[in-house]
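Here is the structure we will look at, set down as structure tokens.
The values are calculated or read from the model by the stated rules, or taken from the named source; none is laboratory data. Because the structure is predicted, anything quoted here is derived from the model rather than measured. We place every Cβ from the backbone using ideal geometry, glycine too, and count neighbours over all the protein chains shown.
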Amino acid sequence: MIQLATIDYILIFSFFALTLGIGFYVSKRSGKSSSEYFLSGRTMPWWLLGVSMVATTFSTDTPNLVTDIVRTNGVSGNWVWWAFLLTGLLTVFIYAKLWRKSNVNTDIEFYELRYGGKPAKFLRAFRAIYLGVIFNVLAMAAVTLAAIKIGQVMLGLSALETIALAGIVTVVFSTLGGFKGVVYTDFILFFTAIIGGVGAAYYCVNLPEIGGLHNLLTHENVSGKLDLIPDFSNTEALITLLIIPLAVQWWSAWYPGAEPGGGGYVAQRMLAAKNENHAMGATFFFNVLHYALRPWPWIIVALTSIVIYPDIASIQQAFPNVSADKLGHDLAYSAMLTKLPTGLLGLVIASLVAAYMSTISTHLNWGSSYIVNDFYSRYIKKDASEKELVNVGRISTVILMVISAVLALVLQNALQLFNLILMFGAGTGLIFLLRWFWWRINAWSEITAMLVSGIISILFNFTGVGIYLFGGTDSITNSVLTGVLPGWATYPLVVLVTTVAWLVVTFLTRPEKEEVLIKFYKQTEPGGPGWKRITRHISNSKVQTTWNVPSGILATILGCFTIYGALFGTGYWIYGEYFKASILTVMVLLLSLLLRKLWFRIKSDIF
């Protein structure tokens, strides 16, 4: 346990006071209506929403997750989430404008715009609980778990004490301020978190035990983990860490903040934007900051931890008070932060508090928006007043916080939950991409994908079927068994089975009624050949003639090369490989100019 100085306490409690002050300041305005409480009246500018998205994804479990990945699989292991840039940029250049045109209050409300009848009604209600409560609580539990580990390692706090201190402040300002309070505080939280992350990385590299950046990069524990691309000679690592994420995972998986086609709290921010162009700008700004700017401070701290704490046993020896069920490689990030000096320590703790509060407050507001808009007001009390809806939102915010805190007490590490959520969303992503552009997809398609993905994931991960197919340890004999298929085939097989299932059901069931499809098309104007059967029933004056998806795909490709170039270029500057870094920097500048021209072409097509 570390000892905080007076300046550290001043920084931490000043931050708490500022956050609560913003919550109280905007509470009166946010409580006027459910639209204000959950979308801030749809008046938010792109830059504020973009920063809010980044702050939300900068949670306490993120540096822990990155540390776990780097220590386990090296820097190249981060492709498991770097691959989501592809779907992020597709959201920017294709789906952001469609979400804003839909004018729905939540992405779950979309179901009764795109589909019709009882299946759409069921899908909306079920997804509201499935995502807004179950998956949302899982995501918040992972963030709270990271906060618990930080509290144990850095401050000697018990799990309940950490939850009480951080959770109560977060739930108070989230309940009072609504979406506007979340976005306003996110702006402050983001810069606090960035400064703290960079400061921690700089100090850790210069610790006497490390001896500077050169000594770190040449250390025997670290030198084998620096590759940005997995070793091509290691077939299993190459397939698992690079090929599957780039070939399958990015378009097939549902994961909070990286949904194919946009969704969740990203969709919430696009829906809150002033117009389609602000929705595009916010999402692009988010992807640039999320992938090109933030990862390296976390990676550097993770690499330094390998020198000082080479294995879990060394972490346990250094921090004997940490409970055994919370030990893991992800704990190394918090362990490194205990070495920070007075002042910087307070700033970093404040930045971690900021990361925690930003993510939890977003998930609380987003989850309660589902409960209020897509469940309570739709199926429980349709004539509820705006004041009642806001109160239900505030009550559900508190309940979601309590459930996630309880779940966090039984979890062990962030990577464990990341893989679990990823697997349960496997195979559903393709529908989220195609439902905007193919009239034939119906509500039964989505219901099938959701159910089959969950059932197959349970069979493969928690039953003897998974051990038979992919190998593992027999729980009865405790013997290691070799599977019929390699372990890396688990995820692609879930995707394949799920995709075949929903495609079969799509063609075996009736399409949505023509009037439902026509209404959806007029509202969102997706365009393209997938709607020809429907647009022939719409007057030519109301049919969009320009289809900007080809331009959007080209912009996505250019954007990926630009952002990946910035990510790797930064890495090579840090590694001291200046020739590679210079080439990538020049490439990024040239691609940025091309992307800017293409952006204006897409913008002119939209407006």
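Looking at region 159-179, is at least one residue out of contact with any helix residue (DSSP H, G or I) (no Cβ under 6 Å at 6 or more places or on another chain) and not in a helix (DSSP H, G or I)?
Checked against the condition, which is being out of contact with any helix residue (DSSP H, G or I) (no Cβ under 6 Å at 6 or more places or on another chain) and not in a helix (DSSP H, G or I), region 159-179 yields no hits at all.
When region 7-49 is examined, which residues are found to be of a type in the set (D, E, K, R), over 30 Å from N277 (Cβ atoms) and modelled with pLDDT under 80?
K28
Which of the residues belonging to region 304-339 are touching a residue at least 24 places away in the same chain (Cβ under 8 Å) and small (G, A, S)?
Scanning region 304-339 gives S305, S323, G328, A332, S334, A335.
Which of the numbered conditions does V322 fail, given that it passes all the others? Conditions: (1) closer than 29 Å to F16 by Cα; (2) part of a helix (DSSP H, G or I); (3) β-branched (V, I, T).
With (1) closer than 29 Å to F16 by Cα; (2) part of a helix (DSSP H, G or I); (3) β-branched (V, I, T) applied to V322, the lone miss is (2).
Please find, within region 206-265, the residue that is surrounded by the most Cβ atoms within 10 Å (Cβ to Cβ) out of those that are closer than 30 Å to L485 by Cβ and acidic (D, E).
E259
Please identify the pairs in which a residue from region 149-178 that is touching a residue at least 40 places away in the same chain (Cβ under 8 Å) has its Cβ atom under 6 Å from the Cβ atom of a residue that is not in a helix (DSSP H, G or I), counting only partners at least 6 apart or on another chain.
Matching pairs, first to second residue: Q152/V322; V153/F319; M154/I2; M154/T338; G156/M1; A159/L409.
Name the residues in region 101-113 that are buried (at least 24 other Cβ atoms within 10 Å of the Cβ) and either farther than 15 Å from S369 by Cβ or over 21 Å from the mean Cα position of the chain (by Cα) (or both), would you?
Hit for region 101-113 is Y111, nothing else.
Looking at N365, N287, N275, which is the one that is assigned by TED's automatic domain parsing to the domain that holds T72 and either within 21 Å of V70 (Cβ to Cβ) or at pLDDT below 85 (or both)?
It is N365.
Are any of the residues in region 507-520 basic (K, R) and either in a helix (DSSP H, G or I) or without any contact (Cβ under 8 Å) to a residue 60 or more places away in the chain (or both)?
yes
Is it true that some residue in region 188-197 is modelled with pLDDT of 85 or more and not in a helix (DSSP H, G or I)?
Taking every residue of region 188-197 in turn, none turns out to be modelled with pLDDT of 85 or more and not in a helix (DSSP H, G or I).
Please state which one of V183, V92 is in contact with a strand residue (DSSP E or B) (Cβ under 8 Å, 6 or more places away or on another chain) and within 29 Å of A354 (Cα to Cα).
Among V183, V92, only V183 is in contact with a strand residue (DSSP E or B) (Cβ under 8 Å, 6 or more places away or on another chain) and within 29 Å of A354 (Cα to Cα).
Might you check whether a residue that is of a type in the set (A, V, I, L, M), in a helix (DSSP H, G or I) and touching a residue at least 60 places away in the same chain (Cβ under 8 Å) occurs anywhere in region 589-607?
Within region 589-607 (the criterion being of a type in the set (A, V, I, L, M), in a helix (DSSP H, G or I) and touching a residue at least 60 places away in the same chain (Cβ under 8 Å)), the answer is yes, since at least one residue qualifies.
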